[in-house]
Structure formats: structure tokens, C-alpha cells
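The values are calculated or read from the model by the stated rules, or taken from the named source; none is laboratory data. Just so we're clear, the structure is a prediction, and the values are computed from it rather than from any experiment. Here the Cβ is made from the backbone with ideal geometry for all residues, glycine too, and neighbour counts use every protein chain on show. The accessibility values were calculated without ligands, DNA or RNA, using every heavy atom of the protein model including side chains. Shrake-Rupley method; radii C 1.70, N 1.55, O 1.52, S 1.80 Å.
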Amino acid sequence: MNVLFISLGCDKNRVDSEVMMGVLVKAGHRLVDDEKEAEAVIVNSCCFIGDAKEESINTLLEMAELKTTAKLRKLIVTGCLAQRYSEEIQESIPEVDAIVGTTAFDDILDTLNCDDKKVYLKDLQRLVKTDADRLITGENYVSYLKIAEGCDKHCTYCIIPKVRGNYRSVPMEELIDEAEYLVSGGAREIILVAQETTVYGLDLYGKKSLHILLRKLSEIEELEWIRVMYCYPEEIYDELIEEMSTNNKVLHYIDMPVQHFSDRILKAMGRRTTGAEILGIVSKIREKIPDVALRTSLIAGFPGETEDDIDEMIECLKKVRFTRAGVFAYSKEENTAAALMDGQIPVRVKNQRRKRVMKSLMEISRQNGLEMIGKTIPVIVEGYMPDEEIYIGRSYMDAPGIDGQVFFESGEKLLSGDIVKVFITDSKEYDLIGEVTEDEFT
């Protein structure tokens with residue numbers, strides 16, 4: 001069949017999508033980009049927050065129209081929305097032919113072969129395995145490696161444990177094999193992802209083992225950059241910091257979602273740190289890795305939050321000066337503890353507070369950018385703008401799709417995936433400007 005695959009949501013969902021696409025291609029199905037040519041559409045959905053849920057539903061409704069306007073015979077929904085709202089989807093979108101939960105996507109072939117409408121939901125504690133190679137989407141020089149599934153933290157605002165299950169690490173030997181496959185396909189940068197990466201291996205090996213995984217991955221000869229995402233601050237441990245500081249393939253970049261700095265709000269969120277502990281963790285990391293790029297995510301407008309709490313957050317952000325950061329307005333999700341809390345904040349106020357925090361973050365980003373001028377840093381090439389005769393890339397401080405970019409000139413022709421030294425000559429709000437140089441890194 002001609003299959004159109006639509007992947008929504010996070011990079012972890014993207015990995016699941018690539019696995020499913022690999023299964024389909026191995027079985028002889030054809031992937032198409034034109035919805036008018038699609039005989040089957042698979043939507044790998046997201047429902048982490050309200051906006052993501054709305055996007056997934058609207059996409060399903062839009063694709064459902066193809067049953068009357070084009071060649072569509074099968075409409076299939078997979079992923080978090082499918083897991084969380086299987087009954088509601090059956091009732092409200094009758095055009096959907098199959099619903100595949102987060103741990104059942106190894107049945108994706110059956111959804112195309114089955115004539116009856118069917119719901120595929122399996123044990124949330126299983127790890128999905130297939131015998132097909134992932135079909136890498138996007139540029140092949142950067143790939144995501146999902147090292148675990150699920151989460152044990154149960155933050156009061158988060159639905160993930162209910163749709164993804166408890167934390168399950170992928171065995172290390174499987175990850176090494178997958179990483180070698182990705183590198184053989186051209187990957188020079190591998191990004192480690194999970195709901196939480198820092199407790200990797202605790203369930204399998206009885207101890208945190210992310211530092212061991214990093215060491216083994218760095219032994220893959222043609223792999224040059226390893227980036228680590230989703231490190232819970234309280235789980236960052238000494239051996240991990242040491243490995244990141246001494247392993248020249250592991251980027252000095254830590255994505256560390258802290259969500260807030262007010263102790264009262266952090267406790268209500270079910271987080272396991274205080275504001276002071278977060279500051280201490282940051283200080284410890286920077287003492288060992290002075291040039292580390294720290295990224296975080298924050299939530300504004302959590303139930304019971306006051307303007308004083310936002311003031312405290314902003315003051316702490318000025319102290320920490322995260323290299324990269326994003327802030328979201330709190331999304332009230334049913335079946336979470338936070339949704340039942342008193343002190344729910346109006347949408348208008350949540351958005352105002354988000355804007356206040358963003359304004360502070362923008363000023364911090366501007367200051368950070370100015371401090372980069374005159375430094376030479378490694379940059380991976382992502383493309384070329386012929387009209388302006390300038391290249392686009394990412395520094396070690398920038399994860400794809402969420403952080404800044406580097407715009408730079410080069411006297412020699414470069415290819416996407418090349419890693420070059422760039423001397424920084426100027427900066428914008430989130431981006432840097434420079435030129436290729438032979439000088440040493442500074």
C-alpha cells in the first residue's frame with residue numbers, strides 16, 4: 001500500500017515512528033508524501049499538553065476527510081493520544097480504522113492487513129522490539145537514540161507514566177548495536193533521549209549506568225558528537241559529570257528540566273529538588289565543566305502559583321543564566337493530581353506570567369551571546385543559504401529544533417554534517433554569527 005506517515009510530538013515519538021516505518025518498508029509497503037496518493041495514513045500522535053492534543057485531533061480529522069476526497073482506505077492512530085483516549089477516538093472519529101497504543105506498535109503491519117476495526121493495546125511495562133531497521137527521517141548526520149521508555153517520577157502535572165508505563169531501560173548491548181547502525185548510515189551526532197536519561201540502567205544493572213553507556217558509545221570510531229537530553233537535576237551524579245568532563249566525544253551540554261524555583265511550587269509539582277538544591281547542582285556541574293551549556297524547561301501558571309513565585313523564578317534564572325531555556329504555560333491535564341488542585345490560574349494570567357519569564361530569558365540569552373563573541377567553537381553544518389552565501393549550523397550548545405543556530409561564512413565548500421571551527425564575530429537574540437577559522441578552540 002501507499003502509506004503516508006505523520007509523526008507528531010517529541011523526538012522520542014519520532015524514534016517510534018522511524019521503527020514503524022522500517023517495519024512497513026521491510027514488508028514491501030511504500031511511503032509517500034502526497035496525501036492524495038495515500039491508501040493508508042498513520043498518525044503517530046501526542047497528548048502531553050493541551051496544544052499537542054489539539055494538533056493530534058485536528059490532524060486526524062483532516063486526514064479522515066481523505067476517505068471521501070482521495071484514495072484513503074485505512075486511517076490509523078498510534079502513540080500517546082491513542083493510548084490515552086482509545087474509547088473517545090472510537091466514539092468521536094469513526095473514520096479511524098485502528099488504534100495502536102504506545103507499547104503495541106510492533107503490530108503496525110497487522111493494522112494494514114486487518115479488515116475489521118481494531119484496538120491494539122498491550123502491557124504498558126513491555127519494551128517493543130522488531131526485526132526491522134529504523135528508517136531514518138530527516139538528515140542522516142544526526143539521529144536520536146532512545147535509551148529507555150516510561151517514567152517513575154509521577155510529577156503531578158504529567159500524564160506520561162499513565163500512557164508510557166514505568167521506567168524501563170533498553171539493554172546496553174542493543175543500544176550499542178543500534179548506534180553502530182545509525183553511524184553506518186551517516187550519523188555523526190547521536191542524541192540520547194528518554195523520559196529521563198539520568199537513571200538509565202538502574203532497573204537493569206542495579207546502578208545508574210549512563211556514564212558507562214556514554215563511554216561505550218564513544219568507542220564507535222566514526223561517531224563524533226554525543227548529546228544528552230532530559231537529565232533530571234536530582235539524578236545527575238558524580239560519575240556522569242566526570243565522564244562528560246573527560247570524554248571528548250560527549251558534548252558539554254546538559255538538558256536539565258527544572259520546571260520552577262519556588263520550593264512551594266516544586267513540592268506541589270511532585271518534583272524532588274528545592275530551588276537551593278538546583279542552584280547547588282548547577283554550581284557543581286560548572287565547577288567541573290566550566291564551558292557547559294545548560295538547557296532547561298520551566299512551567300508558569302501552576303495551580304497556587306503567585307506573582308511572588310514568578311519573581312523568585314526570575315531572580316534564580318538571573319543567577320543561573322541557563323544557556324538555553326524554554327517556558328510553557330501550565331496545561332491542565334485530566335487524570336493528573338494537579339488538575340484537581342485548588343488555585344487553578346486563568347489562561348490569561350498564565351500567559352502573562354509566561355511572557356514575563358520569557359522576557360527575562362531573552363535578556364539572559366542576549367548577554368550569553370555577547371560573551372561568545374571572540375571565541376572559536378565547533379559547529380556542525382546543517383545547510384547553505386545561496387542567496388546570502390552563508391552556511392547554517394549548530395554549535396555544541398544547540399540541540400536541533402529547539403535551540404539556536406550559527407550563521408557563518410566559509411572560503412571552502414562544506415557539506416551537511418561536516419564539523420568545522422567557527423570564530424564568533426557577532427550574536428543575535430538566540431543565534432551566533434561567525435566565520436570558519438583554523439584557530440584553536442577557545
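Okay, here's what the table says:
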read-out: The stretch 318-442, relative contact order [Cα under 8 Å, separation at least 6], %; value: 24 percent
read-out: Carbon and sulfur %, accessible surface of the stretch 265-385 computed with the full protein complex present, 1.4 Å; value: 54 percent
read-out: Residue pairs, from the table 284/319; 12/71; 26/67; 207/284; 122/208; 350/428, whose Cα atoms sit over 19 Å apart; value: 12/71; 26/67; 207/284; 122/208; 350/428
read-out: D (Stokes-Einstein, µm²/s), Kirkwood Cα radius, the stretch 226-360, 0.890 mPa s at 25 °C; value: 157 µm²/s
read-out: Cα→Cβ-extended label distance, 7 Å offset, between residue 1 and residue 370, nm; value: 5.8 nm
read-out: Radius of gyration and Dmax over the Cα atoms of the stretch 16-77, both given in Å; value: 12.6, 36
read-out: Accessible surface, the stretch 61-119, averaged per residue in Å² (probe 1.4 Å); value: 46 Å²
read-out: For the chain, fraction of C-alpha pairs farther apart than 32 Å, in %; value: 42 percent
read-out: Per-residue ³J(HN,Hα) for the stretch 41-53, Karplus 6.51 cos²θ - 1.76 cosθ + 1.60, θ = phi - 60°, Hz, x for Gly and Pro; value: 10, 10, 10, 8, 9, 9, 8, 4, 10, x, 4, 5, 4
read-out: Protein-only accessible surface order, largest first, of 34, 115 at 1.4 Å; value: 115, 34
read-out: Over the chain, relative contact order from alpha-carbon pairs under 8 Å, at least 6 apart, %; value: 9 percent
read-out: Förster radius 51 Å - calculated FRET efficiency between residue 203 and residue 70 (Cβ-Cβ, nearest 0.05); value: 0.65
read-out: FRET E, pair residue 176, residue 125, Förster distance 30 Å, beta-carbon r, rounded to 0.05; value: 0.80
read-out: Hydrodynamic radius of the stretch 158-310 per Kirkwood, over alpha carbon pairs, in Å; value: 16.8 Å
read-out: Per residue solvent-accessible surface (Å²) - the stretch 359-442, probe of 1.4 Å; value: 53 Å²
read-out: Nitroxide proxy distance, nm - points 7 Å out along Cα→Cβ at residue 92 and residue 425; value: 5.3 nm
read-out: Charge dipole (debye, nearest 20) of the stretch 1-157; +1 at Cβ of Lys and Arg, -1 at Cβ of Asp and Glu; value: 320 debye
read-out: For the stretch 322-442: Kirkwood Rh in Å [reciprocal of mean 1/r, alpha carbons]; value: 16.5 Å
read-out: Percent carbon-and-sulfur accessible area, the stretch 59-215, ignoring ligands, DNA and RNA, probe 1.4 Å; value: 47 percent
read-out: 1.4 Å probe accessible area per residue over the stretch 193-325, in Å²; value: 38 Å²
read-out: Over the stretch 217-256, relative contact order from alpha-carbon pairs under 8 Å, at least 6 apart, %; value: 56 percent
read-out: Segment residue 341-residue 115, length gained on full extension (0.36 nm per residue, minus Cα span); value: 76.9 nm
read-out: Order by protection proxy (mean Cβ within 10 Å, highest first), peptides 123-130, 193-200, 297-304; value: 193-200, 297-304, 123-130
